[in-house]
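Structure record follows, encoded as structure tokens.
The values are calculated or read from the model by the stated rules, or taken from the named source; none is laboratory data. Computed from a prediction, not measured in an experiment: that's the story for all the values here. Cβ placement follows ideal geometry from the backbone for every residue including glycine, while neighbour counts extend to all protein chains displayed. These accessible areas exclude ligands, DNA and RNA; they are computed on the full protein's heavy atoms, side chains included. Shrake-Rupley method; radii C 1.70, N 1.55, O 1.52, S 1.80 Å.
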Amino acid sequence: MKVVFFIISIMLLFPSCLGEPPGTMLTTDTKSIAPTQVLHWKMTTTWPPNFPVLGEVAEKYANWVRELSNGQISIKVYGGGELVPPLEAFDVVSNGTIEMGCGASYYWAGKIPAAQFFAAVPFGMNAQQLNSWLTTGGGYELWKKTYAPFNLVPFLGGNTGVQMGGWFNKEIHDIEDFKGLKMRLPGIAGKVLEKAGGAAVLVAGSEIYTSLERGVIDATEWIGPYHDYKMGFHKIAKYYYTPGWHEPGSQLEFFVNKRLYDSLPKDLQAVLEAASQKAQQWVLAEFDRQNGIYLEKLVNEEGVELREFSKETLDVLRSYTEEALQEMIGDDPLSREVYESYSTFQKRITPWSRVTEKAYYNKIMN
Ligand code: CA
């Protein structure tokens, strides 16, 4: 009875999410198991089709959900642009045209300034710290609260780990070297660059290489060695800077239409959550593995010169970031609430990270 009610309610709410009736979910004892309606969902991503790691995990998520739900939820994944333009994912899942999306919450900062705390903020928490805030520090509850008015439920979708600081054709000795620099640097980091006298240029992923090659931009960031190698930036830029102060660990997301999610039985809701935990685990592991391989290729095979931003340069960028964050939060109570939770958590966890992770890295891994 419960199953019948569930199926009817789904059909009323989301007629488009239903595909062919009963899947082949019968076991040898066919008399005791009622045929079960298979839910056919679409997931639209903000990544290009088959994008390494980020696109791969969307496919993996779909497979994990299919396995864990015993075939009851079947998700077909579409790359950005295949169904709708990449940055329309939020709206089409919100209004129920498409059941699920995959991206990073800072893409929606124009609509919801508070959203970017659930992805990455310059000089913010790294993957391990952010995972702690989201998992046991109240961050995820705030994320759900932030998305609820938009009829969305967020799920953890992995983390890139600390990104690289970008590709330059001149050395960055101090903050003065950012003056007049045209760099592809999105989001709030772009505003920080502007405070340093540079110009943040908005360039789509597919156009970064030619923009850098032709001098439309002087520098760019992307992700890390694995993805940057595939983009070929080492062929047209000399210096590869670290650390990625602008993206200290970008959290990725899945999101589901909330009315659809609320209509699911508890076991299927739990499946979406369990698959998201697998994604959270897999993405960082795969980023670290591939980045290790490709960093070696870049340095040893391609002769890329690694450089570090100086402490003084980073200190100035950090102070500009604080200004930019305060301007961004403005009078928005939700942004302030999320910012307070995030920054309080960061202040509390940093001394612990300093005497453990940082001490280990500095004293043992160098
Ligand atoms: Ca990036």
Accessible surface of the chain [probe 1.4 Å, protein heavy atoms]: carbon and sulfur percent: 55 percent
Residue 358 paired with residue 148, simple spin-label distance in nm, labels 7 Å along Cα-to-beta-carbon: 3.6 nm
Straight-distance crosslink candidates among aspartates and glutamates, where the alpha carbon sits under 13 Å from residue 191 and sequence neighbours closer than 8 are dropped: 322, 323, 327
Kirkwood Rh (inverse of mean 1/r, distinct Cα pairs), the chain, angstrom: 21.9 Å
In degrees, nearest ten, helix 54-68 long axis to first principal axis of the chain (Cα): 30 degrees
Nearest-ten-degree value, helix 127-136 long axis tilted from longest Cα axis of the chain: 40 degrees
Residue-normalised accessible area of segment 57-165, expressed per residue, 1.4 Å probe, Å²: 34 Å²
Rg/Rg_globular for segment 226-366, with Rg_globular taken as 2.2 N^0.38 Å and Rg from C-alpha atoms: 1.39
Efficiency of FRET between residue 111 and residue 196 - r from beta-carbon atoms, R0 25 angstrom, step 0.05: 0.40
Net lengthening on full extension, residue 67/residue 210 (0.36 nm per residue, minus Cα-Cα): 47.3 nm
Ellipsoid equivalent to segment 30-108 - semi-axes via the Cα gyration tensor, in Å: 27, 14, 9
Listed residue (124, 139, 149) projecting farthest to the positive dipole end of segment 117-193, Cβ model: 149
Residue-averaged [θ]222 nm for the chain, counting only DSSP H segments that reach four residues, each worth -39500 (n - 2.57): -13500 deg cm²/dmol
Mean accessible surface per residue for segment 204-346, computed with a 1.4 Å probe while every protein chain stays in place, in Å²: 45 Å²
Flagged links, alpha-carbon separation over 23 Å, of 182/297; 311/363; 195/238: 182/297; 195/238
